[in-house]
Amino acid sequence: MSSSEPILRVDRLSAAWGSERVLRAVTFDLRGGELLSLLGPNGSGKTTLLRCLAGLERPTSGAILLDGTEIGPVPAHRRGIGLMSQEPALFPHRSVLENVAYAPLLRGARDVDARAEVRRLLELLRLERFEDRRPETLSGGERQRVALARALAARPKVVLLDEPFASIDVELRADLRAEFRRVLRELGTAAVHVTHDREEGLFLGDRVGLLFDGTLETIGSPAEVFAHPPSPRAARLLGYNVLRRSGRAHAVHPTEVRLLPRGAGDPEGTVVALGTTGRERLVVLSLEDGQRLEARTPAGEPAARPGDRVGLSWAGSIDLPDDPDRPEPTSAAPKEPKWTGRVGRP
């Protein structure tokens, strides 16, 4: 997976948009060849973090070290960090080959060497038959693969992936994720990938971090992070029900919930809505105290109906800590600013 020494070190990085704090002392390491997924809701600071790493925004404090060297004063185009966004932003008047060759030619590679390097990347990303095509003739997934090839052609030490699959049709998304993972593995390129999609983050990352309101709450292997959510909001992001019982918060996964006849389980709830999601049935319930609960059960089990009163049970739950210094966000919580082309001076 990765070497023992970090290639990238982020140390207590903070950033603000005017008087509004967007990042709060974010700290993590990235090792060579590692893929780190940062998972968080919209407005959590994910894009701001990537823009600070890429040199497109100036942090208010903290340090960014690449191969042990502070790169705060280094301009974006000299950092050795590539950034790939949701939109490919390919040159529309250039062919696929010319788009990917832009970086090698910019750094002074001979035309023959640039073409050899580009064709290797196109072959790796299974794009060799598209090299003479223009971007407008490609599908969304094909354009994203070209965008990754162009980013990798610059030979970055680290690639930053800003929700690169968000605009891709769902039926193509799984294949594209697997393709990106395979290519980054084969090249040994380290990457930081940000997303609000928990399945995507858990699947792609060698490690996963959870980011909320500009704060990195936890970081670890996907299995560790999923098994030990550090807060109610982290548990919700990871797909758990969060219930308060006896004054404490508990996380219960929907697949652990079982529906029982009325009077046979504690607590009891009323079925609000239900439907199938393929091989599973999703049941939405309201508990006696008004809390909402989801259950995912095999589609073949006897079906309840909206309005039915049922008993509930589950095999186990995760105790969640109460943290008064880190309240869950409300509708009034500050949101991450929408960037409108502003580029901060490095």
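Laboratory data are not the source of any read-out in this text; all were calculated from the coordinates shown. Small disclaimer: the values here were computed from a predicted structure and weren't measured. FYI the Cβ positions are ideal-geometry reconstructions off the backbone, even for glycines, and counts take in every protein chain you see.
Find which of A191, L152, L176 sits farthest along the positive direction of the dipole of the chain, computed with +1 on the beta-carbon of Lys and Arg, -1 on that of Asp and Glu, about the Cα centre.
L152
Are there any trypsin sites (Lys or Arg not before Pro) in the stretch 87-195 that are in a DSSP loop and have at most 16 other Cβ atoms within 10 Å? List them by number.
Here the trypsin sites (Lys or Arg not before Pro) that fit, given the DSSP loop and packing criteria, are R94, R107, R110, R126, R133, K157.
Given an 8 Å cut-off on Cα distances and at least 6 residues of separation, report the relative contact order of the stretch 1-41 as a percent.
Working: 58 pairs, mean separation 18.4, N = 41.
It comes to 45 percent, rounded to a whole number.
Which of A264, A147, A54 ends up with the largest GNM mean-square fluctuation for the chain, with Cα atoms connected below 10 Å?
Of A264, A147, A54, the most mobile in the Gaussian network model is A264.
What are the semi-axes of the equivalent ellipsoid for the stretch 13-154, taken as the square roots of 5 times the Cα gyration tensor eigenvalues, largest first, in whole Å?
32, 18, 13
To the nearest 10 degrees, how steeply does helix 96-106 sit against the main Cα axis of the chain, on a 0 to 90 scale?
60
So how tilted is helix 170-187 from the main axis of the chain? Cα-based, degrees 0 to 90, rounded to 10.
The helix 170-187 is inclined about 50 degrees to the chain.
If you line up the long axis of helix 140-153 against the longest principal axis of the chain, both from Cα atoms, how many degrees apart are they, to the nearest 10?
Between helix and principal axis, roughly 50 degrees.
Relative contact order, percent, of the stretch 6-227 when contacts are C-alpha pairs under 8 Å separated by at least 6 residues?
On the way: 430 pairs, mean separation 67.4, N = 222.
Reported relative contact order: 30 percent.
Kirkwood Rh, Cα Rg: Rg to Rh for the chain?
Working: Rg = 23.1 Å, Rh = 22.3 Å.
For the chain, the value is 1.04.
Antiparallel as a % of all DSSP beta bridges within the stretch 6-227, to the nearest 5? Provide the component values of the computation, followed by the final result.
Values: 20 of 38 bridges.
Among the beta bridges of the stretch 6-227, antiparallel pairing accounts for roughly 55 percent.
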